[in-house]
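Enquirer: Here it is, the structure in full.
The values are calculated or read from the model by the stated rules, or taken from the named source; none is laboratory data. Since the structure is predicted, the reported quantities are computational estimates derived from the model, not experimental observations. All Cβ positions, even for glycine, are placed from backbone atoms using ideal geometry, and neighbour counts span all protein chains on display.
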Amino acid sequence: MEEHIMKKIFVMMCAFAAAFGCQKAEMEQPQESEGVKVPLQVTASIAQTKTTMTNEDGVLKSAWKDGDKIYLQKFQHQTYAKDSNLEYTASVSGSSVSFDTETEGVVIPTEHPSYYTILAEYPKALKSYGTAREFSMSADQTQAAAGDLAHIAASNMMYAWGTPDWESDPVTVNFDFKHALSVLQLNLKGSEPGIVITKIEVEMLDETGADWLVITKGQLDARYNGTIKQLAGENKMNLYIASASELPTDGYAQFYMTVSPGHAGQTFKVTATTDMGKIIEVGSMKVPAEGAIPQGAKAMKSFTVNPPVKEDVDYASAIDLSADGTANTYLVTKANTLYKFKADVKGNGFVPEALKAVGVGAVTEISPKTALLLWYNCVQTSKAWVEMEPVDISSIVLKDGYIYFKTPETFVNGNAVIAAFAEAGLTYANITADENRLLTNATILWSWNIWAAEGYDIEADAFTAGEFTIMGRNIGAAVGKAEIDSYQTAGERKYVAASAIGNYYQWGNKNPYPHVSDYENYAIPKYGNKLHNTPTYTPITALQVGTNANEAMAKQMFGTADQLTLDFGTYLSSDDRTPANIVSYTESAPYKYMKDSTSGYGYSWTGHIGGTALEALWGDATLEDVSDHVKTIYDPCPVGWKVWEDDAWDAMVTAGASTAVIDMNALDAGKGGYGSIICGSYFPSNGGGRGPGFNIEKLTRCGYAVETAYFVSNLNIYSSKYWGEKYLIRHAANFTQETDIELLLGRHLCTGYSTPLRCVKE
């Protein structure tokens, strides 16, 4: 009664102040009476609460999990905040548990303690405005597997008011939490076997602008029964299934997503994406006009999913990329175009005798049974990552010894790796891998890089130096200087410019590795949402390094240094560290950096190959059976091109040293130049070599020289067991002139490092 009277008086005072003017709200706040700070004993009960959730008898039930944190704040008259947020942690798991804290406690008022209640929230609000709590929802959610609810627990938002027992010792308070948001449950089954769903998209069709499906910025007011003010939002959301599996045909698989409440009379359109990239129209669902989805409630709808409509493809019209020979890289330049290449031979099929002598490359012909997209990336323009496939994933078909694929209707510049497998019936969802991210039920026979650069004329862009015709871009460079210069703002240009670096390659290894994301964030990541490289995605769920807790990393192929690297020193026994075994992993695990920590130098991957065998990986001229740097099976260059050698470098230096300049148009806020221009061709800065720690030094000017490093096909003459030969373009530490540039032979570089590559005409 006392509290009721005080609230009534307070309301009348506010009305009076509103009528006659009120200068500062804080002047109207009643002052808290003096008191003493005492410990607070906290319990929280389950009323359809967070955080571990189960689906029992069609009802979502939940429990607190050990380590869950709630945040408390004392209020006077449920209006005026009196304490800062106090953090409490669940001591055990269960439906009703105790919470502990390291704080001193709360102040017990000596007068009118009944005026004071405590607001609890989970998780901690982004900002607080009295009893209003700012929050944000994600339009992209990830479910671990069908039926899993962990992601709902992680995205749940709850609040509760509790009245302390001020006379107890210790002071106790119990909270009965309420949900602020709702859950949408979709039950899906296949009309026939073989339908694998990797993504579900839900779109609210009636965009009123006031009733968002996803609230990207909102305020929840705990004083008024959790009223939500929608400040910004989206009407489309995506649910990614990390471990996708085949939809059952005799039951339903459950999929859950957190949505905002409300939406009376609204219609939701549901589509799904298969593991082959096909879009399926699943159906629609409508919220009754006389009702709405209540806060804390679950809306449920069941659908039968039909297989995607099969397209009639004219395979005879495909452009044969291997018509003039086979290779490990194929360049595509046209949108909405069907391509093919021979998939029954490794690379160009040429294995030098020195490699054969140690068992390397013994088999050059293959008979794959499945072809799948291994990974892909595209040009980035900001830190808001873009995911687009240069290759239409649904178009990849293995047919009559060829792999067919199609480019998207809107061309996507970037790189995509297609792998051929020994086993039939493989899908992106059913492939498995061990703790080392090596495949356990599938065998990669070979892989090819699809280099997508719209309209790029590789012949016209080349330049001549002495007797050599040198490629005008690094392998895999999705853009050139003209595209970089077209982006006028430095913030965009630093991202686009990184795509001119192209792919990184270890010496002697055919496999591409992604370039850095931009010209600032290239060091070892210190936070979980940063990458060692430009965002690079894989549709193979077993190889994705992302987690539910870190959606920014979802679907990424390349993760931490441990995930990136295959160390033969720890993975293989001494008897198994043979040249044939080591090189075979470049074929079966093309998404791994190779390393041999027992070779004497941990940064080498070729230490146990040695001698002339090593020299033959990229066709060194010292081999008797190889005439002047003949292209080999492990050469990553496109058809008609091969890795350049030191003679080609010397010819370029002779022809272009006097006119070589730093690309001053690519300067960004005082950073070093993004590249150099030699013989009229653009050479992007790429650092002095990317080591097994995956940091890249000397990429931009920070008080030391800026370097652009390249491997050539030659080996370092001092120690062919460990070293590739590194050539450098170097800008002085504090360059000011466009001509402040050196072209030189650098010191040896471990074969475990990686650099971009240039090719010369065969």
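Enquirer: State whether the residues of segment 488-502 include one that is within 20 Å of the chain's Cα centre (by Cα) and of a type in the set (Lys, Arg).
Expert: Yes, segment 488-502 has at least one match.
Enquirer: Among the residues of segment 616-657, which ones are modelled with pLDDT under 95 and over 23 Å from residue 726 (Cβ atoms)?
Expert: Scanning segment 616-657 gives 624, 625, 627.
Enquirer: State whether the residues of segment 410-419 include one that is surrounded by fewer than 19 Cβ atoms within 10 Å (Cβ to Cβ), modelled with pLDDT of 95 or more, over 24 Å from residue 636 (Cβ atoms) and not aliphatic (A, V, I, L, M).
Expert: Yes, segment 410-419 has at least one match.
Enquirer: Quick one: which strands (runs of 3 or more DSSP E) sit completely within segment 115-168 and have at least 1 residues that are polar (S, T, N, Q)? Talk me through it step by step, then tell me what you get.
Expert: Working: elements: 116-122, 127-129, 132-135, 140-143, 158-162.
In segment 115-168, the matching strands (runs of 3 or more DSSP E) lie at 116-122, 127-129, 140-143.
Enquirer: Counting only residues that are surrounded by fewer than 19 Cβ atoms within 10 Å (Cβ to Cβ) and not charged (D, E, K, R), which one in segment 463-479 is farthest from residue 512 (Cα to Cα)? Steps first, answer last, please.
Expert: We begin by selecting, within segment 463-479, every residue surrounded by fewer than 19 Cβ atoms within 10 Å (Cβ to Cβ); these are 463-464, 466-467, 469.
Subset that is not charged (D, E, K, R): 463-464, 466, 469.
On the way: 463: 24, 464: 26, 466: 29, 469: 23 Å.
The selected residue is 466.
Enquirer: Ok, one more. Show me the strands (runs of 3 or more DSSP E) found entirely inside segment 224-294 where at least 3 residues are surrounded by fewer than 21 Cβ atoms within 10 Å (Cβ to Cβ) and without any contact (Cβ under 8 Å) to a residue 40 or more places away in the chain. Don't jump to the end; show me each part of the working.
Expert: On the way: elements: 227-234, 236-241, 253-259, 267-274, 279-286.
By residue number, 227-234, 279-286.
Enquirer: Yes or no: segment 285-299 includes at least one residue that is of a type outside the set (A, V, I, L, M, F, W, C) and at pLDDT 90 or above. Break it down into steps so the answer makes sense when it comes.
Expert: Taking segment 285-299 first, the residues of a type outside the set (A, V, I, L, M, F, W, C) are 286, 288, 290-291, 294-296, 298.
Applying the additional criterion that residues be at pLDDT 90 or above yields none.
Looking through segment 285-299, none of the residues is of a type outside the set (A, V, I, L, M, F, W, C) and at pLDDT 90 or above.
Enquirer: Identify all residues within segment 543-564 that are modelled with pLDDT under 90 and not in a loop (DSSP other than H, G, I, E, B); write none if there are none.
Expert: Filtering segment 543-564 down to residues modelled with pLDDT under 90 leaves 544-556, 558-564.
Once the filter is applied, which keeps residues that are modelled with pLDDT under 90 and not in a loop (DSSP other than H, G, I, E, B), segment 543-564 yields 547, 550, 551, 552, 553, 556, 561, 562, 563, 564.
Enquirer: Could you pull out the residue among 120, 47 that is closer than 30 Å to residue 149 by Cβ, in contact with a strand residue (DSSP E or B) (Cβ under 9 Å, 6 or more places away or on another chain), aliphatic (A, V, I, L, M) and at pLDDT 85 or above? Outline the logic, then answer.
Expert: Details: 47 fails: at pLDDT 85 or above.
Residue meeting the stated conditions: 120.
Conditions (1) within 19 Å of residue 580 (Cα to Cα); (2) buried (at least 21 other Cβ atoms within 10 Å of the Cβ), marked per residue:
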position	(1), (2)
334	no, no
338	no, no
355	yes, yes
360	yes, yes
364	yes, no
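Enquirer: Looking only at residues in segment 696-723 that are more than 27 Å from residue 659 (Cβ to Cβ) and modelled with pLDDT of 65 or more, which one is surrounded by the fewest Cβ atoms within 10 Å (Cβ to Cβ)? Show your work before the answer.
Expert: Taking segment 696-723 and keeping what is more than 27 Å from residue 659 (Cβ to Cβ), we get 696-697, 702-703, 715-723.
Then keep just the ones that are modelled with pLDDT of 65 or more; that gives 696-697, 703, 715.
Working: 696: 26, 697: 15, 703: 6, 715: 26.
Top of the filtered list is 703.
Enquirer: May I pose another question? Taking segment 421-449, which residues are aliphatic (A, V, I, L, M) and more than 20 Å from the chain's Cα centre (by Cα)? If you could, list the steps in order and put the result at the bottom.
Expert: As a first pass, look at segment 421-449 and keep what is aliphatic (A, V, I, L, M): 422, 424, 426, 429, 431, 433, 438-439, 442, 444-445.
422, 424, 426, 439, 442, 444, 445, listed by residue number.
Enquirer: Give all pairs with beta carbons closer than 9 Å in which a residue from segment 530-544 that is more than 16 Å from residue 415 (Cβ to Cβ) and assigned by TED's automatic domain parsing to the domain that holds residue 592 meets a residue that is surrounded by fewer than 24 Cβ atoms within 10 Å (Cβ to Cβ) and charged (D, E, K, R); count only pairs at least 6 apart in sequence or on separate chains.
Expert: Taking only residues 6 or more apart or on different chains, the pairs are 541/555; 542/437; 543/437; 544/555.
Enquirer: Quick check on my filter: what residues within segment 404-441 are touching a residue at least 60 places away in the same chain (Cβ under 8 Å) and of a type in the set (A, V, I, L, M, F, W, C)? Break it down stepwise before answering.
Expert: Of segment 404-441, the ones touching a residue at least 60 places away in the same chain (Cβ under 8 Å) are 404-411, 413-415, 417, 419-420, 427-433, 436-439.
Once the filter is applied, which keeps residues that are touching a residue at least 60 places away in the same chain (Cβ under 8 Å) and of a type in the set (A, V, I, L, M, F, W, C), segment 404-441 yields 405, 411, 417, 419, 420, 429, 431, 433, 438, 439.
Enquirer: Sticking with this one: Is there a residue being farther than 22 Å from residue 45 by Cα, free of Cβ contacts under 8 Å to residues at least 40 places away in the same chain and more than 38 Å from the chain's Cα centre (by Cα) anywhere in segment 91-114?
Expert: no
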